[in-house]
Structures are given as C-alpha cells and as structure tokens.
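Trainee: Okay, handing you the structure first.
The values are calculated or read from the model by the stated rules, or taken from the named source; none is laboratory data. Because the structure is a prediction, the values reported are computed rather than measured. Quick reminder, even Gly has a Cβ in these numbers, built from the backbone with ideal geometry, and neighbours come from all protein chains shown.
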Amino acid sequence: MMRDLTLSDVEQLQAQAGELDEAFQMDEDTFRAFYDRTARALWLYLSRLTGSAPLADDLLQESYYRFLRAARTYESEAHRRNSLFRIATNVARDNRRRVRAAPSVSLDNEEAQPGLRTDPHAADRAARRTDLARAMAHLKPRERAMLWLAYAHGSSHREIAETLGLTAGSVKLLLFRARRKLAGLLGGAALRTRRAGRVGL
Amino acid sequence: MISIDCPREPEALEAACAGTWPDRCDEDLRAHVATCAICGEVVEVARALREDHDGSWRAASVPASGVVWWRAQMRARAEAARAAAKPITFVQGVAAACVVGGAIALAGAAFPWIRAWVASLPAVFPALDAAAADVPALVSLPRWLPLAAIVAVLLAPVAIYLAVTDD
C-alpha cells in the first residue's frame, strides 16, 4: 500500500515541484510510471539485503535519486531495471561500509512482517519466514542479494551478474554455494521448529 | 568433482516458483527431486524465498512516486545551490580579506594625520595639547583619506553581510 497523502499534500508538493527547474535524465511522468513498476520489488530487495525495513525506506529514496542523477541511456526496460537494482546494491554496500556493523536481519517482529496483521491464520507461514530471516542473517550480503534475485525476483544469471557486478560465469558457482548454505541453515531451522512443536505438544 | 547443476533444475525451480510443488507436479519430477541434492536444495530455497516474497509484496509500504520525485528534485536543487555557492564563498572571503587589509593600511597611513588633527584642537581638548606637541606635523595627507578609511572600516561588515545573506 502507498502511504496516505491528503489531497492538499499532493497539491502542495506538485506546486512546489513545478517551481523547480532541476532537470533529471527522465521526465516526471516517465519516472513515476517506472517507479510504480519497480518500487515494491526494489524495497523488498533492499529490506532483505539489509534486514531492516526503515533502512530500506531510506535506501529506496537514495537509490532512485542516484538513478535519476545518472546520465545514462538504456537499451531496454530490463536494462533500466537492472541498472536501478545495481545502484541499489551499491547504495546498500556503501551504507554497510559507513555504519561498519553487521546487518541484523530481524524480520521476526511484526513491523517487518506486516502480513501478520492482515492474515491471522498464517502462523505456519510466519514461522517459516522467521526461519528464513534468521537463516538469511547468517549469509553474506552478496549471498543474500544473489539468492533473492534468483529465487524471489526471478532474475536470470546474466541479470544477477549485471546487478551485482560479477561475471556471468561466476554467478552459477556462487549461487550454488549460497543456495547450499541457505538450504543447510533452513534444514537446521526446520528441524528445530519441529522439535519445538513436539515439545510444545 | 562435485556437480553444481542438474538438467532438471529449471523444471524444479518452475514448480517451486509457480506453487505447483509438490502436489500439482509430475510424479517423475517428485521422484527426481527426492534423489537429486541440487534440485532438492533448489526447491527448498526457492519455495522459502518465493513465499517470503509473495507474503511481503502486498504489505510492502513504499512512498508515493510523486513524493520520491519531489524529494529528489529538492535534493538536486540544494546540491546545485551548494555547488554554485562554493566559488562565491571563496571570492567573498578574498574580498573580505582585501577590505580588512585595505582598511588597516589606510588607518596606518592616516594615523599621523589624526594625531595632527587632534593637536589642532587645543581649545576643545586642552589636555591633549601637550601630547600633540610631540607629533611632527604630517598634515600633507589629504584630509578626506582618514575619513574614508574610517567609513570603510565601519561599512565593510555591513557590505559583507548584505553580500552573503540570501534575502
């Protein structure tokens, strides 16, 4: 869902924006259409990459700003989209270097899993997502990014390579290792969940 | 040598991502995944990530596109203003230094004349008369010069303030 904006807010923003003469590589209508097509996917990518929903909010704005400032031409929609994700990856990496702290992937709270509020019968799914979040926290940022792009976002190896700045040939091996690592972590988590369930019974 | 891919991996991935795994896919594929470590990991990881993705998609809260556009415009404008202000600030600093240096030089040049001017007023300040007697008569400088120096020293801060202020 989009955050609530009153009509007067929108009118005020439009009036102020109309006074500005700063030109980007893209006009407003094109940007807004592109944003509407990509924002949710990018936000989810950033939130899983960083493990923090508030941080993903900030990085989302920063990513689109850098994207707008980049004076580039794009061959296709896919190329433009991949460039945006690459910028977002770099923004997340820069942020990580700046704070110099390991990201704490804490998706087991309600704020990070807003679906729980609207779907009270999703306890099993929520438990699996919590297991996933904890397992992802044990991966390196590049492994998280790679797995998310490959299996949640549906990117091809070539697109992953373009987004993460890797060679296409290395993606297959790196993805294999990351997947094996996550599968091992998920297997352990599932076992612990089953044991906890038995103890609970 | 460890194999890192399987020819049926795309098939397993498709089943996991499309939500047809395990009930609505071929028995043959299920049997393969049960025995293939690579495809087993693909299904397990892909299902978990896909489920997380789909569950979060609707609830993902992103700002409206107009707000993001407006913030980007504002930031670009602020950065452009900052970039444009850098050379102006430098020139203002140089100008201020010149004004202060000039004022000091003028005051230094005018100081003997000031003392001479003070010495010419014994009727008003009798106490200064004795002190003025020690000063050589350097009254050859034009009389407007020290006045101009004083005015410059007084007005320079006002001029700098008016130059640097935005409004």
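Trainee: I'm checking my understanding of the structure. Among residues of region B:1-41 that are of a type in the set (Val, Ile, Thr) and part of a helix (DSSP H, G or I), which one is surrounded by the fewest Cβ atoms within 10 Å (Cβ to Cβ)?
Mentor: Per the criteria, the residue is B:Thr35.
Trainee: Can you tell me which of B:Glu14, B:Glu41, B:Glu27 is among the acidic types (Asp, Glu) and touching a Ser or Thr at 6+ places or on another chain (Cβ under 9 Å)?
Mentor: Answer to the selection: B:Glu14.
Trainee: Given the conditions (1) closer than 30 Å to B:Ala163 by Cβ; (2) of a type in the set (Phe, Trp, Tyr); (3) within 13 Å of chain A (Cβ to nearest Cβ), which single one is not true for B:Phe90?
Mentor: For B:Phe90, the exception is condition (3).
Trainee: On to the next question. Identify all residues within region B:53-81 that are modelled with pLDDT of 90 or more, closer than 28 Å to A:Arg125 by Cβ and assigned to a helix (DSSP H, G or I); write none if there are none.
Mentor: B:His53
Trainee: When you scan region B:43-53, how many residues do you find that are touching a Leu at 6+ places or on another chain (Cβ under 9 Å) and more than 16 Å from A:Ala145 (Cα to Cα)?
Mentor: So the count comes out to 3.
Trainee: If you don't mind, there's one more thing I want to ask. Only one of these is modelled with pLDDT under 95 and closer than 19 Å to B:Ala16 by Cα: A:Leu107, A:Leu175, A:Leu164. Name it.
Mentor: A:Leu175
Trainee: Now, a different point. Within region B:49-61, is even one residue closer than 25 Å to A:Gly169 by Cα and crowded, with 17+ Cβ neighbours inside 10 Å?
Mentor: Yes, because at least one residue in region B:49-61 is closer than 25 Å to A:Gly169 by Cα and crowded, with 17+ Cβ neighbours inside 10 Å.
Trainee: If you go through region A:46-79 one residue at a time, how many are within 12 Å of the chain's Cα centre (by Cα), of a type in the set (Ser, Thr, Tyr) and part of a loop (DSSP other than H, G, I, E, B)?
Mentor: Residues in region A:46-79 being within 12 Å of the chain's Cα centre (by Cα), of a type in the set (Ser, Thr, Tyr) and part of a loop (DSSP other than H, G, I, E, B): 1 in total.
Trainee: Give the residues of region A:135-169 that are over 22 Å from A:Leu185 (Cβ atoms), part of a helix (DSSP H, G or I) and more than 11 Å from chain B (Cβ to nearest Cβ), sorted by residue number.
Mentor: A:Arg158, A:Glu159, A:Ala161, A:Glu162, A:Thr163, A:Ala168, A:Gly169
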